[in-house]
1. Determine the calculated [θ] at 222 nm for the chain from helices alone, applying -39500 (n - 2.57) to every DSSP H run no shorter than 4 residues and normalising by the residue count; nearest 500 deg cm²/dmol.
2. Output the 0 to 90 degree angle, nearest 10, between the alpha-carbon long axis of helix 102-137 and the longest principal axis computed from the alpha carbons of the chain.
3. Which order do the peptides 119-128, 170-179 come out in when sorted by mean C-beta neighbours inside 10 angstrom, highest first?
4. Please give the peptides 132-143, 78-89 ranked by average Cβ packing (other Cβ atoms within 10 Å per residue), highest first, as a rough proxy for protection.
5. I need to check one value: relative contact order of the chain, counting alpha carbon pairs closer than 8 Å and at least 6 residues apart, in percent.
6. Would you work out what percent of the accessible area of the chain, with all protein chains in place, is carbon or sulfur (probe 1.4 Å)?
7. What's the angle, to the nearest 10 degrees (0 to 90), between helix 18-38's Cα axis and the longest principal axis of the chain?
8. Rounding to the nearest 20 debye, state how big the charge dipole of the chain is about its Cα centre with +1 on each Lys and Arg Cβ and -1 on each Asp and Glu Cβ.
Amino acid sequence: MTSSVGGLSGSPPGAPGALARACDAIDRINERMGLLWGLTILVVTAAVIYEVVARDVFSAPTRWSNETTVYLSAMAYLIAGGYALLHRRHVRIDVIYERLSPRGRALMDLFTFVFFAAYALTLVWIGGRDALAAIQSGEGTGTPWNPVIWPVKAAIPLAGLLLFAQGVVNLLRDLGLVRGAADEGPSPGATP
């Protein structure tokens, strides 16, 4: 029996293996999270419009609108990091990277992945610790509205986890160890 790329022994040729299916699942999760959190811009827009009308037309400003827009925007920014990495939209210095041979690019990907992993896992570790403390203490923002802050803080380790998982997937694909769902070949843009 043959083994497919990223698969287990016994898989028919061309069939996605367990690793490829896991990578595709991570892609789908980041795609859906990016689209879902991208829609929060509609909530943010509605909150801003409501605040402007309430304040300027009815002289009745809200306590919640500003914080709602800031925290929803922050959460969307954080959680969409994996989505941006999936679509290769993070910054990379192409002037150097594009001049490297495929082997040089692979070595550069491996080298930079160490720093990427340190960053993403720090988000998970420190962010998780801070989110847990905020949940346990019922920490608020300290403003007149004073909502609990743990949902925003919980977005930090979630974002780190989504980012790290997508970084691993991209690295595996860039090194040719796993094929993509559509097997589009190498995408332009950044790797971790």
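1. Roughly -22000 deg cm²/dmol at 222 nm, from the helical runs in the chain.
2. Roughly 30 degrees, rounded to the nearest 10.
3. The most tightly packed comes first, giving 170-179, 119-128.
4. Averaged packing, sorted descending, gives the order 78-89, 132-143.
5. Over the chain, the number comes to 26 percent.
6. 68 percent
7. That works out to roughly 20 degrees.
8. Magnitude of the dipole: close to 280 debye.
The values are calculated or read from the model by the stated rules, or taken from the named source; none is laboratory data. Remember, it's a predicted structure, so these values are computed and weren't measured experimentally. Note that we place each Cβ from the backbone using ideal geometry, even for glycine, and neighbour counts take in every protein chain shown. For accessibility, only protein heavy atoms count, side chains too; no ligands or nucleic acids. Shrake-Rupley method; radii C 1.70, N 1.55, O 1.52, S 1.80 Å.
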